[in-house]
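These notes are about the structure you will find just below.
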Amino acid sequence: MKIATWNVNSIKARLDHAKNWVETHHPDVLMIQELKGETFPADVFQAIGYNAEFVGQKAYNGVAILSPHPITVILDRLPGDDADEQARYLEVEIKGLRLINIYLPNGNPVDSEKFPYKLQWMARLKDRLAHLRREGIAFAVGGDFNVIPDAEDCYDPKAWENDALFRPESRAAFRALLWLGLTDALRVVNTAPRQYTYWDYQAGAWPADKGIRIDHFLLSPTIADKLQDCTIDRDPRALDKASDHTPLVMTIDY
């Protein structure tokens, strides 16, 4: 079962890229983040054999899940704050597997309300995943976590030390997810440095390979045991009018 995650940075701007990637790679599941709109072009993907579920928001955020298999929506918002209307969470079942697509808050600037919101959102995510662990539900959570877990996941840690993506509080909250017994899928199969999923549009970051790893799959133990591979597909980042993120793809024996 091939499962991918990709922050497309506007599905409207990157629709052709997303459609072409699906037609080329035929994933069983594609999790998409940062739709940037209240609607989703489900008909485009239905025409190539893919079902679609999404949660949208005007101009910002938004997550979607595509699959050629039936999709059952479990939750379309992260529990724990009824006042939170940001479209950042979609939990589904596909072929009996619980899959969670997240677009975790960026948190910048850190001296604004955005950073506490990020940390609170991560605490709520931990509560939800802890609940699933207690219930014995096997799951994979993927998406744009907006967290650089370790120094090796960044081309220049010094340049990012005061950024919300690399602040100690953010990294500690990420470790707290791992301490639930979860596995960082990429690091099971690839411990090399300079494994990036995001390159800024500015200052020639992509040609110079000045990237960061902020897109992740975290797996509960049963799913981790079934992991076959996890790779970063850098090709879409080299396309004309590319997203600043590129797909992360894992294969599990499921």
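The value obtained for the stretch 45-110, namely the Cα convex hull volume divided by the number of residues, is 106 Å³ per residue.
Annotation: extensible slack from Tyr60 through Ala203 equals 49.0 nm (criterion: 0.36 nm per residue apart, minus Cα-Cα distance). Pairwise Cα distances in the stretch 1-48 exceed 18 Å in 21 percent of cases. When every Cα-Cα distance of the stretch 2-252 is counted in 10 angstrom steps from zero, the calculated P(r) takes the values 7, 33, 40, 18, 1 percent. Here is how the number arises for the chain: DSSP H runs of 4 or more residues each give -39500 (n - 2.57), the sum is divided by the residue count, and the result at 222 nm is -6500 deg cm²/dmol. FRET efficiency for the Asn108 to Lys2 pair, using the beta carbon distance and R₀ = 25 Å, is estimated at 0.15.
The charge dipole of the stretch 2-252, taken about its Cα centre with unit charges on the Cβ atoms of Lys, Arg (+1), Asp and Glu (-1) only, comes to about 280 debye. Could you work out how far the C-alpha centroid of the stretch 7-45 sits from that of the stretch 140-198, in angstrom? The stretch 7-45 and the stretch 140-198 have Cα centres separated by 24 Å.
Carbon-plus-sulfur accessible fraction, the chain (probe radius 1.4 Å, protein heavy atoms only): 47%.
Of the beta bridges DSSP finds with both residues in the stretch 2-252, what % are antiparallel, to the nearest 5? Rounded to the nearest five, the antiparallel share is 80 percent. Evaluated at q = 0.13, 0.18, 0.22 Å⁻¹, the base-10 log of the normalised Debye intensity for the stretch 37-155, with identical point scatterers placed on the Cα atoms, takes the values -0.58, -1.04, -1.33. Of the GluC sites (Glu not before Pro) found in the stretch 32-125, those in coil by DSSP whose Cβ has at most 15 other Cβ atoms within 10 Å are Glu38, Glu85, Glu113. Between amide H atoms placed 1.01 Å from N, distances below 5 Å from Asn51 occur with Ser67, His69, all of them 5 or more places distant or on a separate chain.
Taking the square roots of five times each eigenvalue of the Cα gyration tensor of the stretch 199-254, the equivalent ellipsoid has semi-axes of 28, 11, 8 Å, listed largest first.
Our summary of shape: the Cα atoms of the stretch 137-191 have principal axis extents of 38, 23, 18 Å, ordered from largest down, in whole angstrom. Too long at a 29 Å Cα-Cα cut-off: which of Lys95/Lys126; Lys12/Lys114; Lys19/Lys126? From the list (Lys95/Lys126; Lys12/Lys114; Lys19/Lys126), the Cα-Cα distance tops 29 Å for Lys19/Lys126.
The values are calculated or read from the model by the stated rules, or taken from the named source; none is laboratory data. No experiment lies behind these values; they were computed from the predicted model shown. Methodologically, a virtual Cβ is constructed for each residue, glycine included, from the backbone with ideal geometry; neighbour enumeration extends over all protein chains shown. Note: accessible area is taken over every heavy atom of the protein model, side chains too, but ligands, DNA and RNA are not part of it. Shrake-Rupley method; radii C 1.70, N 1.55, O 1.52, S 1.80 Å.
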